[in-house]
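A short write-up of the structure that comes next.
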Amino acid sequence: MTLQPRGKKTSRPECWRCYHNKMSTSDVSLPVLDENEKKIVNEFCHLLEKSKQLFNGLRDLPQYGHKQWQSYFGRTFDVYTKLWKFQQQHRQVLDSKYGLKRWQIGEVASKIGQLYYHYYLRTSETNYLNESFNFYSAIRQRGYYSRASKEERPDLMVKKLRFYARFILVCLLLKKMKLVKDLERDLGKQIDDYTSTYQPEDQNEWKTVLSEIREFEDADCTVRVLDHDGTPIVLSHRLTPLNTPPLEKGTPAILRLQEILIVGNSSEQLKYSELTLDMFRMLQTLEREPQEDLSNQIYDASPAPGRPPYENGERNNRRENPHKYLLYKPTYSQLNTFLASGFKELPPTGIILLYISADGSPSSMKHGDDPAYDLGGVVTNFRKEGEEVVRTKKLGHLKEVHCLHPGDLYPYTRKPLFVVVDSDNSSSFQNIPNLFGQPVVCLLSPERAPPTMQDKHRRGNLFTMFLHDPLMAFCYVCNIYEVPVDLWDKCSGVIDKFMAEASKLFSRSKKLDNMYIQFFGDDFLRLLMLRFVFCYIVLILHRGFKGPNFYPTSSPLLPTDEILEHPALYKVVLDLSTVVDNRTLFAEPGEGDLHGAT
């Protein structure tokens, strides 16, 4: 069913009467308009009102599913395209007769930027993120909001602050870090201006937003790569042909990752907007670097020059990235709804991936008979619902209502399912059974960290860091926080060697569970599996990580002798430790007990 925009439809005469009343009650005299000018102003009012109705109606659309929202987004794009072109073609009349102000043009451009950002969220196509950046950049470069503070309207200042906050988020996702720094400074000045002028009630909230941005940006740069002049280099972590792990000929490549759920609820972890650091890192890991260069497009062109929104039936053929849902602190019902939607949309050869970074909810039972629910799980939201009603002596011990248990995933194993859990209770997902004959693989984080790293969860979890950027994670566990670019390039070559060798071992292993082989043909999942192996070997050799709880594990188990503790892979990791001059941090194979994770 197509959802209609909220509010009553506004006709052209009503738009004109609103304009007439506005002008007649202002301090300026009502301008004399000929019929053509009246027609232009009336059409602009109509398009402006229609665009607002459609934009406000977007919030009523379901956040899940594909086809339900596409036609509505298409209509909204179409109206904003007409509005943007119309104000360009008739700017002189609108300036002199309507009193069009630059901040009003900026507001239209900002709405278009928001449209593209939300279209990116719904399609996972990073090219739309570039389109959003283009419009936001035009607003700043042309100073559309430059006179907002002179209008003596606090609501207009808030719009300006929101524009900066949204622009910064887009720049973070595109790794335009120098611009992020500039925007941070601008936002700080605007907040100071806003608070000193109006003394608003929300001034502390805006200061908190600015603090979140600064902490988030600083924490994401855990290891800085320095150019020859000491300038930090910005690295991309999206998938490219250069960092895609090789695949041996003959390896099955039938299944493809199509649906992704990225869930975040780590209570102590830094966040910005509704993205924790772990979510921010994983969403980039599961995207391809955009191949089109849209940076030189003309900002005043149609909102989607050359890239119209997908029509029904066209989407699956053209999509470059798997579709993603980003869920920050979802309730159990929300998570289950999105899982069911992804499950429903999955094509016959599709794979659904569930990534969860969340605090654990271990079971209080010493011995549980049912691995589906007796081992606890991970908490996706700490909200309490109806606690006073249900807490009775008769019910006894209550489990977290928003805890995702392994058993909650059993129905979704009817289709290929790939699970990644980063939690201090990840082991509860170690025994998900293969009930329906479809491949099911779980990559599970260590549950403990050395004392020196226990207070660093705020800056993102180590396991996710390994999956996001294995070299950055390796430097991090070696206490290396700045790396010259030449050394970084040399180390990257060693990492590439590890990935190539590990990929061969996967393809040639005789003991490897067939479920891994079915997933191995997908570029993204192959990348995660190989980085998981790298993480395991680094931690099992590292002297600071001692015992099974300090190592990642998987289900089904990977063969120890053929992959996890293969001498060739051990040698590459130890060679890498020598390159960064930290060989003493790592034990020799066979020195002490290197077993336990398996």
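The values are calculated or read from the model by the stated rules, or taken from the named source; none is laboratory data. Keep in mind that this is a model prediction, so the values were computed, not measured. Here the Cβ positions follow ideal geometry from the backbone for every residue, glycine too, while neighbour counts run over all protein chains shown. When the accessible area is computed, the model is the full protein with side chains, heavy atoms only, and any ligands, DNA or RNA have been set aside. Shrake-Rupley method; radii C 1.70, N 1.55, O 1.52, S 1.80 Å.
Determine which single condition TYR64 fails, assuming it passes every other condition in (1) open to solvent by 60 Å² or more (accessible area, probe 1.4 Å); (2) in a helix (DSSP H, G or I); (3) touching a helix residue (DSSP H, G or I) at 6+ places or on another chain (Cβ under 7 Å); (4) of a type outside the set (S, T, N, Q).
It fails just one condition, (2).
Could you tell me how many of the residues in the range 473-498 are out of contact with any Lys or Arg (no Cβ under 8 Å at 6 or more places or on another chain), open to solvent by 10 Å² or more (accessible area, probe 1.4 Å) and either of a type in the set (Asp, Glu) or in a helix (DSSP H, G or I) (or both)?
13
Please find, among ARG166, ARG122, ARG162, the residue that is open to solvent by 10 Å² or more (accessible area, probe 1.4 Å), touching a Gly at 6+ places or on another chain (Cβ under 8 Å) and in a helix (DSSP H, G or I).
So the residue among ARG166, ARG122, ARG162 that is open to solvent by 10 Å² or more (accessible area, probe 1.4 Å), touching a Gly at 6+ places or on another chain (Cβ under 8 Å) and in a helix (DSSP H, G or I) is ARG166.
State whether the residues of the range 72-89 include one that is modelled with pLDDT under 90 and touching a helix residue (DSSP H, G or I) at 6+ places or on another chain (Cβ under 9 Å).
Yes; the residues of the range 72-89 include at least one that is modelled with pLDDT under 90 and touching a helix residue (DSSP H, G or I) at 6+ places or on another chain (Cβ under 9 Å).
On the given criteria, is PHE216 touching a residue at least 60 places away in the same chain (Cβ under 8 Å) and not in a loop (DSSP other than H, G, I, E, B)?
So PHE216 passes the test.
Hey, among the residues in the range 337-374 that are open to solvent by 50 Å² or more (accessible area, probe 1.4 Å) and under 29 Å from LEU275 (Cβ atoms), which one's modelled with the lowest pLDDT?
Among them, the one singled out is PRO362.
Please verify whether PHE520 is farther than 24 Å from GLU447 by Cα, open to solvent by less than 30 Å² (accessible area, probe 1.4 Å) and touching a helix residue (DSSP H, G or I) at 6+ places or on another chain (Cβ under 7 Å), treating the condition exactly as stated.
Answer is yes for this residue.
Given the conditions (1) surrounded by 21 or more Cβ atoms within 10 Å (Cβ to Cβ); (2) without any contact (Cβ under 8 Å) to a residue 60 or more places away in the chain, which single one is not true for LYS150?
Evaluating LYS150 over (1) surrounded by 21 or more Cβ atoms within 10 Å (Cβ to Cβ); (2) without any contact (Cβ under 8 Å) to a residue 60 or more places away in the chain leaves (1) as the failure.
What are the residue pairs meeting all of these: first residue in the range 158-171, first residue touching a residue at least 60 places away in the same chain (Cβ under 8 Å), second residue open to solvent by 10 Å² or more (accessible area, probe 1.4 Å) and of a type outside the set (Val, Ile, Thr), Cβ atoms under 6 Å, and 6 or more apart or on different chains?
LEU169/SER273
What is the residue count in the range 523-544 for residues that are farther than 13 Å from LEU247 by Cβ, open to solvent by 10 Å² or more (accessible area, probe 1.4 Å) and under 30 Å from the mean Cα position of the chain (by Cα)?
1
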